[in-house]
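Before any comments, here is the structure.
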Amino acid sequence: MRVFTLTLLMCCVGCAAPDAPAPADPPPAAEETIPFRKDGTLDFLRGDDTLLTVDIEIADNDSSITRGMMQRDSFPDMSAMLFVFPNEEPRGFWMANTPLPLDILFTAADGEIVHIAKYTKPLSPQTIESGGLPAQYVVELPAGFSDQHGLIETDRIEWRRDE
């Protein structure tokens with residue numbers, strides 16, 4: 001009898017009167033935008049000519065590589081994110097939590113751009129691959145940047161960290 005009374009009491013405490021207002025949902029947590037952090041510069045080269053130079057944020061550890069451009073709603077002018085991997089192998093990136101369309105440049109260990117994925121779809125779970133080609137570096141830029149600046153596969157990159 002004691003168990004029955006306790007159970008009945010617990011059920012009654014959890015019930016609200018039919019005309020009582022429903023409890024309000026807590027406000028959604030605002031996602032904090034991650035600001036761009038200038039870690040260095042990157043040159044785009046064709047032959048011996050420097051085509052242009054951009055500021056870069058460098059992603060070179062598991063956490064920063066995984067996060068990438070998530071929680072970013074813009075790039076500063078003439079900036080990019082550079083992903084640095086310890087070895088050269090075929091790569092794949094996805095856009096599932098990235099709200100910006102991007103151009104993604106896959107680059108061999110010697111700096112040669114081996115594949116450009118242009119105008120990637122934001123928030124897509126589809127994998128963007130390096131075309132089966134090995135890449136040690138990946139550069140993410142705002143969508144359209146490659147076309148706007150005439151970047152092509154076989155151009156090269158050279159980058160350096162700020163001191």
> Only one of (1) part of a strand (DSSP E or B); (2) modelled with pLDDT under 95; (3) out of contact with any strand residue (DSSP E or B) (no Cβ under 7 Å at 6 or more places or on another chain) is not met by ASP25, so which one is it?
Replying inline: (1)
> What residue, among those in the range 59-80 that are open to solvent by 80 Å² or more (accessible area, probe 1.4 Å) and out of contact with any Leu (no Cβ under 9 Å at 6 or more places or on another chain), is modelled with the highest pLDDT?
Replying inline: ASP77
> Hey, which of the strands (runs of 3 or more DSSP E) in the range 100-163, taking only ones fully inside, have at least 1 residues that are modelled with pLDDT of 95 or more and within 17 Å of ASP60 (Cβ to Cβ)?
Replying inline: 102-107, 127-142, 156-161
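To keep it simple, each residue is scored yes or no on (1) touching a Pro at 6+ places or on another chain (Cβ under 7 Å); (2) of a type in the set (Gly, Ala, Ser).
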site	(1), (2)
ILE104	no, no
GLY111	no, yes
VAL114	no, no
SER124	no, yes
PRO134	yes, no
VAL139	no, no
ALA143	yes, yes
> What's the number of the condition PHE83 fails, among (1) part of a strand (DSSP E or B); (2) out of contact with any helix residue (DSSP H, G or I) (no Cβ under 8 Å at 6 or more places or on another chain)?
Replying inline: (2)
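The values are calculated or read from the model by the stated rules, or taken from the named source; none is laboratory data. Note that this is a predicted model, so its numbers are computed, not measured. Virtual Cβ from ideal backbone geometry, glycine too; neighbours counted across all protein chains shown. Note: accessible area is taken over every heavy atom of the protein model, side chains too, but ligands, DNA and RNA are not part of it. Shrake-Rupley method; radii C 1.70, N 1.55, O 1.52, S 1.80 Å.
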